[in-house]
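Please read the structure below before turning to the comments.
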Amino acid sequence: ETLRVGIIGTGVMGQDHARNFASGIAGGRLVAVADVNTAAASSLAAQAGAEHVFSSGEELIDSGEVDAVIIAAPDRFHAGLTIRAMERGLPVLCEKPLAPTADEAAGVVHRERELGESLVTVGFMRRFDPGYLALKQRLVTGMDGALLMSHSVHRNVDAHPDGTSSDTITNSGIHEIDTIPWLAGSPIAHVQWTSGKGSSLITKRLDPQFYLMTDAAGVLHTVEVQVQAQYGYDVRCELVCETANVELPRVPTLVEENPVLVSKNLTASSAYPADWRPRFAAAYRAELNAWVQAASAKQIPEGAATATDALRATNVANALVESMERGGVQVAVPAIEEVLG
Ligand code: ISE
């Protein structure tokens, strides 16, 4: 039986998931789209062949027309919509982050525990990226000795215009914050935020930012996040192990539309993607396929981020925000049991 899916939100990610459904996802069909901007919802629904249009996420969730929901509304609506879908017994794929604050994310985990059913998958798609998966598989074998350090770089072409310095952490850096402990197999225990000279091209946030994070095993992880890098979408990750150094290939070679390096006129060149969609296209497709399969059985895909994983990530992100607000002091990450109260 085909899973009837509804998408809430018609921004970049709502559109991207709809496009993936239109190109065929086994076992699932997009049947409904919701957005307060009903014109945008109607036009996406028409493009994707979805028959129902709603002017709010709540109406879509309550409609009885969907078996499962993708939440791609702005971050501040994620937790409330997720709880509503859970209460209706609908499996959810909520875009990251589950919430900008650990308190809101904890609210979702509380409700999930009360309801006694885990129906929430959080869209940390890097967990489905072939490159990150290969890093993880290699670490698990132990063939390179112990992990000693990791270095990550996360650069966007330009930032969401209204974003703040905290949003850089809770919306962008949150990817590394989720991926690093997933790779290392150890939770982040201490964090420290720092920055130096900022770009004059962006006024609302400090950019770039730099994070030092230590996991429970004492491994040091460095993260640079720059949301106004201009030159291209660029995500790097390097693992420093005892007997080897393992890293993701540089981005241009991974862009599906332009997988070659061209040398011409005394110049070597290759295209960077303008944003995350081409870079993580394979990850998004794999994530959606796995989620549709799992949601049909009211499950969460193996390896995907659960609500508790997402709470853990937001909890670390909030500790980084605290470090930033306190002038870059080191902050101990509170245990999530503490946050859950
Ligand atoms: C965006 O929401 C994403 O999730 C992208 O992967 C990330 O690179 C970007 O910084 C975020 O704003």
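Scanning segment 227-247 for residues that are surrounded by fewer than 21 Cβ atoms within 10 Å (Cβ to Cβ) and closer than 15 Å to Ile174 by Cα yields a count of 1. Looking across segment 73-105, just one residue is within 16 Å of the ligand (Cβ to nearest atom) and touching a Cys at 6+ places or on another chain (Cβ under 8 Å), and that is His78. A single entry from Val140, Val120 fulfils the requirement of being away from the ligand (no atom under 16 Å from the Cβ) and not assigned by TED's automatic domain parsing to the domain that holds Gln226: Val120.
Restricting Ala297, Ala268 to residues that are modelled with pLDDT under 95 and away from the ligand (no atom under 16 Å from the Cβ) narrows the list to Ala268. With respect to (1) in a helix (DSSP H, G or I); (2) touching a residue at least 24 places away in the same chain (Cβ under 8 Å); (3) away from the ligand (no atom under 16 Å from the Cβ), the lone exception for Ala134 is condition (2).
For segment 212-249, the set of residues classified as in contact with a helix residue (DSSP H, G or I) (Cβ under 6 Å, 6 or more places away or on another chain) and within 16 Å of the ligand (Cβ to nearest atom) consists of Val223, Val225, Val227, Tyr233, Asp234, Leu248, listed by residue number.
Test Val36 against the criterion of being surrounded by 24 or more Cβ atoms within 10 Å (Cβ to Cβ) and either more than 16 Å from the ligand (Cβ to nearest atom) or not hydrophobic (A, V, I, L, M, F, W, C) (or both), and give yes or no. No: the conditions fail for Val36. Mind checking which pairs have a first residue in segment 322-341 that is at positive phi and a second that is part of a helix (DSSP H, G or I), Cβ under 9 Å, 6 or more apart or different chains? So the pair list comes out as Gly341/Ala106; Gly341/His110. A single member of Ile83, Ile71 is buried (at least 16 other Cβ atoms within 10 Å of the Cβ), in contact with an Asp or Glu (Cβ under 7 Å, 6 or more places away or on another chain) and closer than 22 Å to Asn171 by Cβ, and it is Ile71. Taking every residue in segment 87-107 that is over 15 Å from Ala305 (Cβ atoms) and pairing it with any residue that is in a loop (DSSP other than H, G, I, E, B) and acidic (Asp, Glu), at least 6 positions away or on another chain, the pairs with Cβ-Cβ distances below 9 Å are Gly89/Glu117; Leu90/Asp67. Arg205 meets the conditions (1) out of contact with any Ser or Thr (no Cβ under 7 Å at 6 or more places or on another chain); (2) within 14 Å of the ligand (Cβ to nearest atom) in every case but one. The failed one is (1). Residues in segment 41-64 that are closer than 18 Å to Leu119 by Cα and either in contact with a helix residue (DSSP H, G or I) (Cβ under 7 Å, 6 or more places away or on another chain) or assigned to a loop (DSSP other than H, G, I, E, B) (or both): Gly57, Glu58, Ile61, Gly64. Filtering segment 200-219 to residues that are closer than 20 Å to Thr170 by Cα and either surrounded by fewer than 16 Cβ atoms within 10 Å (Cβ to Cβ) or hydrophobic (A, V, I, L, M, F, W, C) (or both) leaves Ile202, Thr203, Lys204, Leu206, Phe210, Leu212, Met213.
The values are calculated or read from the model by the stated rules, or taken from the named source; none is laboratory data. Just so we're clear, the structure is a prediction, and the values are computed from it rather than from any experiment. All Cβ positions, glycine included, derive from the backbone under ideal geometry; neighbour counts span all protein chains shown.
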